[in-house]
Amino acid sequence: MTKVSAQRPRRSVFPRRTVRLRLTAMYGVMILVSGAIVLGIASGVVVARSSTEVAQSPGPGRPQSALSRADARIQLLQHQLAAQGNRTASGLSHNLVIGSVIALGIMTVISLLVGWLVAGRVLRPLRRMTAATRRISADSLDERLAMPGPDDEMKDLADTIDGLLERLEGAFAAQRRFVANASHELRTPLTTMRAAVDVAVAKPGPVPAPTIALADRLRTELDRVDQLLEGLLALARAQHGELPGRTTLPLDYVVSAALAARAGDVAAKHLTVRHTTGHGGAWVTGSPALLSRLAENVIDNAIGHNPAGGWVSVATGADGRLAYLVVENGGDVLDQRQVAELGQPFRRLGADRTGSDTGSGLGLSIVAAIASAHLGTLDLRARPEGGLRVSITLPLAVPAGAAPVQAGVPA
């Protein structure tokens, strides 16, 4: 969970368009459209039948005799009765339409509720697969979904994910074997080369000055290769979440030890170092070796990329359930977009930043990997006044008999 200059995403005011919501809306629209079509057809049939009855109703004629006048009077009464019946039928049709519309609305609401329940039932295996997949991490790749049920699309998807997890488990196992063996396999030729240089320089008799200069240059380059190899191995272990010797220890002690070990470098550049600690201290749980490497890399970065006579500020403490380490240093004004990429391997700002081309570009990437392995975060910020601000947060581990410390992270 490494965070390098990340911004919190905006939360939408609208509900998330889940598959269940879309299926429910589709069911509701289908019921509404089909009901509207049926209602329209029924209303059309009723109106057409009423019009036919009116058209077929007899109208009054011209009487020619007494019998004809009596017959016409009867027909007139029949016509009036038919008109009254048509008006009654029209009223009934109108009421029927209104009742049908109300019934359609009620059925639409019921169909939405039923669609929501049915969609949830259909998607339940998918939710179980999602929850199981989220639980699986690099340390539990041996777990499988093992989805029961009929041989349908859901089971095919679960079997495909299980196959992917099996391949990932094999890849991670191969990488762990490489990390375990690379240290011995790659350090052996370096040790041999260093021994050969020492033997060549230690031969009896006068050694030419160019040979001594070449030997010193080779030792320097071998030390850089050794440091690069050690950095790559530390980065690989941290990225795999390996936490050897996991224990609970005070973060203040780790940082103080790293500062004490670099007192000579601080004095050589005439830097002013200020170290502040929060009230009650900050305890964290993790690998002492990796946490020490984290503090050392951050402090080395602040010392190495700092002009002579500059300053370094180191602050540790606790804020609620988090322990924090904040390291700031002065220097030139930096580009935040380039600073945000320093958490990636082999990313550097260049020699023009401090006039030095030392370093492998792995320091802050190792810090990011170690913080992530300890469920923490790394945040890199270019200071407006110049220099860099490195902020690391780790889960706070409260030692037995102590209460959580409430303090604020330095702004």
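The values are calculated or read from the model by the stated rules, or taken from the named source; none is laboratory data. Keep in mind the model is a prediction, meaning the values are calculated, not measured. Here Cβ is always computed from backbone atoms with ideal geometry, including for glycine, and neighbour counts include all displayed protein chains. Just the protein is used for accessible areas: all its heavy atoms, side chains included, with ligands, DNA and RNA removed. Shrake-Rupley method; radii C 1.70, N 1.55, O 1.52, S 1.80 Å.
Listing for the model above:
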quantity: So ARG167, is it of a type in the set (Lys, Arg) and either closer than 26 Å to LEU141 by Cβ or under 45 Å from the mean Cα position of the chain (by Cα) (or both); calculated: yes
quantity: Residues being at pLDDT below 55 and closer than 29 Å to THR276 by Cα - total across the stretch 325-354; calculated: 2
quantity: Filtered residue count, the stretch 274-314, keeping only those that are under 22 Å from ILE370 (Cα atoms) and touching a His at 6+ places or on another chain (Cβ under 6 Å); calculated: 2
quantity: Residue within the stretch 116-128 that is at pLDDT below 85, of a type in the set (A, V, I, L, M, F, W, C) and over 26 Å from THR24 (Cα atoms) present; calculated: no
quantity: Residues (open to solvent by less than 50 Å² (accessible area, probe 1.4 Å), modelled with pLDDT of 80 or more and not aliphatic (A, V, I, L, M)) located in the stretch 156-184; calculated: ASP162, GLY163, GLY170
quantity: Selection within the stretch 249-285 - of a type in the set (Ser, Thr, Tyr) and either within 20 Å of PRO307 (Cβ to Cβ) or at pLDDT below 90 (or both); calculated: THR272, THR277
quantity: Some residue of the stretch 134-142 being open to solvent by 90 Å² or more (accessible area, probe 1.4 Å), in contact with a helix residue (DSSP H, G or I) (Cβ under 7 Å, 6 or more places away or on another chain) and of a type outside the set (S, T, N, Q); calculated: yes
quantity: Members of the stretch 253-285 found to be open to solvent by less than 40 Å² (accessible area, probe 1.4 Å) and either among the basic types (Lys, Arg) or on the phi < 0 side of the Ramachandran plot (or both), listed by number; calculated: VAL254, VAL255, ALA258, LEU259, ARG262, VAL266, LEU271, GLY278, ALA282, VAL284
quantity: Inter-residue pairs, beta-carbon under 6 Å, first within 24 Å of GLY115 (Cβ to Cβ) and in the stretch 21-49, second of a type in the set (Phe, Trp, Tyr) and at pLDDT 80 or above, 6+ apart; calculated: THR24/TRP116
quantity: Candidate set: the stretch 286-307, residues that are modelled with pLDDT of 90 or more and among the hydrophobic types (A, V, I, L, M, F, W, C); chosen: the one surrounded by the fewest Cβ atoms within 10 Å (Cβ to Cβ); calculated: ILE303
quantity: Test set (1) in contact (Cβ under 8 Å) with a residue 60 or more places away in the chain; (2) more than 32 Å from the chain's Cα centre (by Cα) - ALA238 fails condition number; calculated: (2)
quantity: Near pairs, Cβ below 7 angstrom, 6+ apart or cross-chain, from the stretch 329-342 (assigned to a loop (DSSP other than H, G, I, E, B)) to any residue that is at pLDDT below 85; calculated: GLY331/THR354; ASP332/ARG353; LEU334/LEU349; ALA340/VAL4; ALA340/SER5; GLU341/ARG347
